[in-house]
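Asker: Provided herewith is a single structure, encoded as structure tokens, for subsequent inquiry.
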Amino acid sequence: MKDNNIENIVTLELVKEDELYKFKKDLQESFSVAVIEEFGSVDAGPIPSDEEIEKSFNAPGAVIYHILSNGIKVGGVVVSINEETQHNSLDFLFIAKGKGGKGIGYKTWKAIEEKYPETKVWETHTPFFEKRNIHFYVNKCGFKIVEYLSEKYHNPDEEGLPGGEDFFRFEKIMR
């Protein structure tokens with residue numbers, strides 16, 4: 001049996017301003033797959049919303065990358081880097097439909113860690129229903145679930161939850 005992980009050389013390439021629209025649409029298409037599998041449709045509009053993605057694009061310290069496997073674009077990632085505290089966040093990571101299952105996500109995460117070696121803590125979120133993401137972040141990448149966020153138990157003084165859904169918040173302490 002051939003090992004798919006060996007043949008994929010994963011690199012990150014900065015997204016150019018004129019590529020942001022397509023990047024956003026590719027991200028939404030990728031995220032919609034899981035929503036459709038779980039709920040049957042995305043009737044409420046694109047997942048995540050244009051507003052959520054643009055907020056991430058425009059966040060302080062935001063860096064947007066294409067994920068390349070052997071030089072071919074197969075996904076993307078948005079991180080927010082706080083140079084002062086080094087408490088950084090993984091806002092979005094997606095692998096294009098039909099491109100997953102080859103170790104690309106894990107190699108992408110390792111490339112991010114290598115690119116930001118000064119990071120003290122990484123944080124990310126994922127919806128409660130996304131079992132694949134939970135497995136990926138906890139069992140593959142070494143994150144810990146540190147909080148369960150839900151509209152029912154959410155502090156209204158804090159910023160709202162993405163899309164109003166129930167989420168897990170993950171952290172990975174680097175040092």
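Asker: What are the residues in region 104-135 that are outside any helix (DSSP H, G or I), surrounded by fewer than 18 Cβ atoms within 10 Å (Cβ to Cβ) and not acidic (Asp, Glu), if any?
Answerer: 116, 117, 120, 121, 128, 129
Asker: Do we find a residue being part of a helix (DSSP H, G or I), of a type outside the set (Lys, Arg) and under 14 Å from the mean Cα position of the chain (by Cα) anywhere in region 64-86? Please lay out each step first, then the result.
Answerer: Step one: list which residues in region 64-86 are part of a helix (DSSP H, G or I), which gives none.
Scanning region 64-86, I find no residue that is part of a helix (DSSP H, G or I), of a type outside the set (Lys, Arg) and under 14 Å from the mean Cα position of the chain (by Cα), so the answer is no.
Asker: Name the single residue, out of those in region 43-58 being more than 24 Å from residue 111 (Cβ to Cβ) and not in a helix (DSSP H, G or I), that is modelled with the highest pLDDT.
Answerer: Filtering region 43-58 for residues that are more than 24 Å from residue 111 (Cβ to Cβ) and not in a helix (DSSP H, G or I), the one modelled with the highest pLDDT comes out as 49.
Asker: In region 1-42, which residue that is of a type in the set (Asp, Glu) and at pLDDT below 65 is farthest from residue 73 (Cα to Cα)? Spell out how you get there, then give the answer.
Answerer: If we filter region 1-42 for residues that are of a type in the set (Asp, Glu), which is where we start, we get 3, 7, 13, 17-19, 26, 29, 37-38.
Next, from what is left, pick out any that are at pLDDT below 65: 3, 37-38.
Numbers: 3: 21, 37: 24, 38: 27 Å.
Ranking the qualifying residues of region 1-42, first place goes to 38.
Asker: Let me ask another. Does residue 99 count as surrounded by fewer than 21 Cβ atoms within 10 Å (Cβ to Cβ), under 27 Å from residue 129 (Cα atoms), at pLDDT below 95 and in contact with a strand residue (DSSP E or B) (Cβ under 8 Å, 6 or more places away or on another chain)?
Answerer: Numbers: surrounded by fewer than 21 Cβ atoms within 10 Å (Cβ to Cβ): yes; under 27 Å from residue 129 (Cα atoms): yes; at pLDDT below 95: yes; in contact with a strand residue (DSSP E or B) (Cβ under 8 Å, 6 or more places away or on another chain): yes.
Answer is yes for this residue.
Asker: Looking at region 136-164, which of the residues that are assigned to a loop (DSSP other than H, G, I, E, B) and either of a type in the set (A, V, I, L, M) or within 16 Å of the chain's Cα centre (by Cα) (or both) is modelled with the lowest pLDDT?
Answerer: From region 136-164, those assigned to a loop (DSSP other than H, G, I, E, B) are 141-143, 150-161; that's our starting set.
After this cut, where a residue has to be either of a type in the set (A, V, I, L, M) or within 16 Å of the chain's Cα centre (by Cα) (or both) as well, the list is 141-143, 161.
On the way: 141: 97, 142: 97, 143: 98, 161: 46.
Per the stated criteria, the residue is 161.
Asker: When residue 172 is evaluated against the numbered criteria (1) at pLDDT 95 or above; (2) loosely packed, with under 12 Cβ neighbours inside 10 Å; (3) of a type in the set (D, E, K, R), which criterion, by number, is the only one it fails?
Answerer: Status for residue 172: all satisfied but (2).
Asker: For region 94-144, how many residues meet the condition of being within 24 Å of residue 62 (Cα to Cα), of a type in the set (A, V, I, L, M, F, W, C) and touching a residue at least 40 places away in the same chain (Cβ under 8 Å)?
Answerer: Here the count works out to 8.
The values are calculated or read from the model by the stated rules, or taken from the named source; none is laboratory data. Keep in mind the model is a prediction, meaning the values are calculated, not measured. In this analysis, Cβ positions are derived from the backbone assuming ideal geometry, glycine residues included, and neighbour counts consider all displayed protein chains.
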